[in-house]
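Step one of this worksheet: look at the structure below.
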Amino acid sequence: MPHSAKRVTVTGAAGQICYSLLFRLAKGDVFGPDQPVILQLLEIPQALPAVRGVVMELEDCAFPLLAGVVVTDDPAVAFRDTDAAFLIGARPRSKGMERRDLLLANAEIFKVQGQALDKAARREARVIVVGNPANTNAAILAANAPGFPTENITAMLRLDHNRALSQFAAKAGVPVGSLDRVAVWGNHSPTMFPDWRFATANGKSLPDLIGDGDWYKSKLIPTVAQRGTAVIEARGASSAASAANAAIDHMRDWFQGTNGRWVSMGVPSDGSYGIPKGLICGVPVTCTPGQYHRVTGLPIDEFARSMLDRTIGELKEELAAIAKS
Ligand SMILES: NC(=O)C1=CN([C@@H]2O[C@H](COP(=O)(O)OP(=O)(O)OC[C@H]3O[C@@H](n4cnc5c(N)ncnc54)[C@H](O)[C@@H]3O)[C@@H](O)[C@H]2O)C=CC1
Ligand SMILES: O=C([O-])CC(=O)C(=O)O
């Protein structure tokens, strides 16, 4: 029997991330090759003509799974009956800015969209926030959607996770696909903590295989933490195709499951690992179709504790800055 179409909200549809994301969504990269989608695209009024150009290109791909496209500048229309929402629309940073510099500029967007999500979306909808600062924007969204399940609101740490996987694989000389149990904790910011303590390559300890703790601390951690900045310096614009790819990975894994493989997601804290409730914080999870499951009971040593405390402190500061404004 054919599946009924899933409604997928995407904000910032005229932007550079969406120019990659929308085509992969319409191709079936998130929900699989049998699941039609209706795209509900939100933009600000001045960008609607550009979205219409993107829609022409979507039409020109003749995607069999694309069952419809709605273009709007009204959040209530974009979130109506949605099954999945990609919240990408926000101002990106440019050279010399940190992601937290976007805090106040973007907070208002996520307040308004939280209210629309609350009113219009299906309660089962799954939401990823990509627009920066992603963790705090997701917390603002949740605070403004009191009738929507907070557990279904997540922030994107997957780009950091994928960046770490590639660096580890190159150093160890193993294929990326052989790696598991890598975790990126905390904020999507330079304070994030890429954690290799439990990581494996083909089931064997990755730290033992690499055997270079100095490289891990002095090279791997800063490289992953500063990768977004390195891309901006090189490209003159922030990561786009890799960000779209990470958002696809995050939502595909959430909807379809990971078969026990660890991935990193920013999820509402349940208080474990000393992460206060109210924060949306990167943690390792596994997914079964439609659900994420926090990896529980991991030991936290002194180094991990100091790294976690630093990134948790920053998340608390970001929320406090919003509360004060
Ligand atoms: N979490 C992550 O790992 C990553 C996050 N990002 C963030 O994603 C966001 C988008 O990046 P790009 O696509 O490169 O930016 P972009 O500037 O190319 O596109 C953003 C689009 O959002 C639209 N927009 C602004 N306010 C809106 C609103 N209220 N409703 C709907 N649309 C709105 C703009 O008109 C623009 O077309 C930025 O905040 C960027 O920092 C980027 C890369 C990775
Ligand atoms: O660095 C930025 O501003 C964009 C981003 O979040 C990333 O590439 O990780």
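Residues in region 195-208 carry Karplus couplings, in order, of 10, 9, 4, 9, 5, 10, 10, 6, x, 9, 4, 5, x, 5 Hz; the curve used is 6.51 cos²θ - 1.76 cosθ + 1.60 with θ = phi - 60°, and Gly or Pro positions show x. Average accessible surface for region 6-155: 40 Å² per residue, computed with a 1.4 Å probe over protein heavy atoms with every protein chain in place.
Here the dipole of region 6-155 is about 300 debye; that uses its Cα centre as origin and unit charges on the Cβ of Lys and Arg (positive) and Asp and Glu (negative).
On the principal axes of its alpha-carbon atoms, region 161-224 has extents of 29, 21, 17 Å, going from largest to smallest. Peptide packing: for 124-135, 235-246, 55-66, the average count of neighbouring Cβ atoms within 10 Å per residue gives the ranking 124-135, 235-246, 55-66, highest mean first. Probing with 1.4 Å while keeping every protein chain in the model, the per residue accessible area of region 157-323 equals 40 Å².
Taking the Cα centre of region 96-249 as origin and charging only Cβ (+1 Lys, Arg; -1 Asp, Glu), how large is the dipole, in debye to the nearest 20? Spell out each step's value before the answer.
On the way: 17 positive and 14 negative charges, 31 e Å.
Result for region 96-249 is approximately 140 debye, rounded to the nearest 20.
Using only side-chain charges placed at the Cβ, +1 for Lys and Arg and -1 for Asp and Glu, the dipole size of the chain relative to its Cα centre rounds to 200 debye. Within the straight-line cut-off of under 19 Å between alpha carbons, the lysines reachable from LYS6 are LYS27, LYS119, sequence neighbours fewer than 8 places apart in one chain being disregarded. Solvent-accessible area assigned to carbon and sulfur over region 1-114 amounts to 55 percent, based on a 1.4 Å probe. For region 6-155, the Kirkwood estimate of the hydrodynamic radius, built from every pair of different alpha carbons, is 15.3 Å.
Hey, could you get me the Stokes-Einstein D for region 3-68, Kirkwood radius over alpha-carbon pairs, 4 °C and 1.567 mPa s, rounded to whole µm² s⁻¹? The partial results should precede the final answer.
Values: Rh = 11.9 Å.
The calculation lands on 109 µm²/s.
Only DSSP H runs of four or more residues enter the estimate; each adds -39500 (n - 2.57), and after division by the residues of the chain the mean residue ellipticity at 222 nm equals -12500 deg cm²/dmol.
Given 20 °C and 1.002 mPa s, compute D for region 98-137 with the Stokes-Einstein relation, Rh being the Kirkwood radius over Cα pairs; round to the nearest whole µm²/s. Translational D for this selection: 196 µm²/s.
Taking region 157-323, how many lysine pairs are there with alpha carbons less than 19 Å apart, if each pair must be eight or more places apart or span two chains?
Values: LYS171/LYS204; LYS171/LYS217; LYS171/LYS219; LYS277/LYS316.
Final tally of qualifying lysine pairs is 4.
When the Cα positions of ALA76, ALA139, GLY32 are compared along the charge dipole of region 6-155, ALA139 comes out farthest toward the positive end, with charges on each C-beta of Lys, Arg, Asp and Glu.
Note on the chain: Cα-only Rg and Dmax are 19.0, 56 Å.
Calculate, in whole percent, how much of the Cα-Cα pair population of region 198-325 lies beyond 24 Å. Please list the in-between numbers first.
On the way: 3634 of 8128 pairs.
Here the tail beyond 24 Å accounts for 45 percent of pairs.
Under the simplified labelling scheme, the ARG24-GLU59 pair shows an inter-label distance of 2.6 nm, with each label point 7 Å from Cα along Cα→Cβ. Over region 259-299, the pair-distance histogram of Cα-Cα distances with 5 Å bins from zero comes to 6, 25, 32, 24, 11, 3 percent, rounded to whole numbers.
The values are calculated or read from the model by the stated rules, or taken from the named source; none is laboratory data. Values in this document were obtained by computation on a predicted structure and should not be read as measured data. Note that each Cβ is placed from the backbone with ideal geometry, even for glycine, and that neighbours are counted across all protein chains shown. Quick note on the areas: whole protein, heavy atoms, side chains included, nothing else; ligands and nucleic acids left out. Shrake-Rupley method; radii C 1.70, N 1.55, O 1.52, S 1.80 Å.
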